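To keep things clear, I will list the structure first and then write my remarks on it.
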Amino acid sequence: MSRAPFGTRLTAAVAARGSLCVGIDPHPGLLDQWGLPRDASGLERFALTCVEAFAGEISVIKPQSAFFEAYGSRGVAVLERVIAEAQAAGALVLLDVKRGDIGSTMAAYAQAYLSDSSPLAADAVTVSPYLGFGSLDPAIEAAEATGRGVFVLALTSNPEGASVQRALVGGLGGVDGPGGVSVAQSIVDQAAARNAAQRAATGAPLGSVGLVVGATVGRTGLDLSALDGPVLAPGLGAQGAGAAELAAVFGPTLPRVLPASSRDVLRHGPDAAALRTAALRVRDELAAAAR
Ligand SMILES: O=c1ccn([C@@H]2O[C@H](COP(=O)(O)O)[C@@H](O)[C@H]2O)c(=O)[nH]1
């Protein structure tokens with residue numbers, strides 16, 4: 001199927017529906033809270049209620065793969081339905097699966113999540129660059145070829161991430177000068193280079209390579225000005241971030257940020273209308289705060 005580049009599709013979706021990304025994270029505790037059994041049937045009811053609530057109004061839906069995989073093949077079958085039904089209702093699906101491996105295996109992950117023939121193909125996936133940014137090439141190439149996207153972990157929302165992601169690379173007169181740059185900045189720079197090349201070739205408003213930068217991370221020290229790609233910002237609500245933190249973390253980059261929330265919205269279930277109202281309230285509050 002021929003699709004417009006991911007950056008074109010995402011820009012249109014955000015213009016029509018706002019920038020909030022709502023996560024589908026069927027935590028066992030949330031299944032309890034919704035009065036559902038902790039089994040594949042409960043998972044299915046939970047996830048499809050979320051699709052009913054969000055997919056007609058929200059631009060990007062982010063199922064967390066781990067919570068589906070926990071139920072084995074029946075859970076993965078539910079994930080397939082979530083992807084297909086959310087897309088049919090007009091949402092983009094960003095599958096949070098954080099894959100990263102040597103290039104030859106990465107090609108298989110790209111086939112699984114970013115190829116037209118796969119039942120698990122989403123509009124974008126999260127990927128981990130900690131086997132080297134270049135190991136992600138098969139996923140980036142598949143994304144660019146099929147109008148899909150990848151979101152590369154740069155500065156994650158969890159406090160443990162900083163010890164690796166803020167460490168300096170280069171330095172002592174190496175490629176980036178005396179002080180070096182952070183691991184996260186080197187990921188930003190490599191993503192920016194890919195986006196510049198793709199945008200030059202396609203004219204898309206944003207490249208297909210996004211980043212993950214948590215809304216909770218405080219002063220990032222990152223220069224995102226050349227990224228020309230989207231930024232997923234998890235950490236709203238349950239992890240403590242709100243509109244003020246988004247503004248402080250992202251400053252002028254905010255228009256390219258997809259703030260993401262899961263538990264803080266999902267706690268309003270099991271009624272689909274109540275879930276939708278909660279998601280739209282967060283979306284509209286963020287939009288008002290950004291004006
Ligand atoms: O840096 C990251 C990357 C991904 N996540 C994921 O986002 C959601 C957050 O859920 P909340 O309930 O809104 O806290 C979850 O799926 C994480 O795996 C992240 O939190 N931080």
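No value in this document is a laboratory result; all are computed from the given coordinates. For clarity, every value in this text was computed on a predicted model and none was experimentally measured. With ideal geometry, Cβ positions are generated from the backbone for all residues, glycine too; neighbour counts draw on all protein chains shown.
Relative to the longest principal axis of the Cα atoms of the chain, the long axis of helix 137-146 lies at roughly 60 degrees. With a simple spin-label model that places each label point 7 Å from the Cα along the Cα-to-Cβ direction, the separation between HIS27 and ALA290 comes to 2.5 nm.
Subtract the Cα-Cα distance of GLU160 and ALA238 from 0.36 nm times their separation in residues, and report this length gain in nm to one decimal.
26.4 nm
A quarter of the convex hull surface defined by the alpha-carbon atoms of the chain gives 14.4 nm² as the mean projection. DSSP finds beta bridges in the chain, and of those with both partners inside it, around 10 percent are antiparallel. Axis angle, to the nearest 10 degrees, between helix 6-17 and the longest C-alpha principal axis of the chain: 50 degrees. Distance between the modelled labels on GLN111 and ARG3, one decimal in nanometres: 1.9 nm (7 Å Cα→Cβ projection).
With the Cα gyration tensor of segment 1-139 giving a ≥ b ≥ c as the square roots of its eigenvalues, does the rule (a/c under 1.5 for rounded; else a/b larger than b/c for prolate; else oblate) give rounded, prolate or oblate?
Values: a/c = 1.95, a/b = 1.24, b/c = 1.57.
Because a/c hits 1.5 or more and a/b fails to exceed b/c, segment 1-139 counts as oblate.
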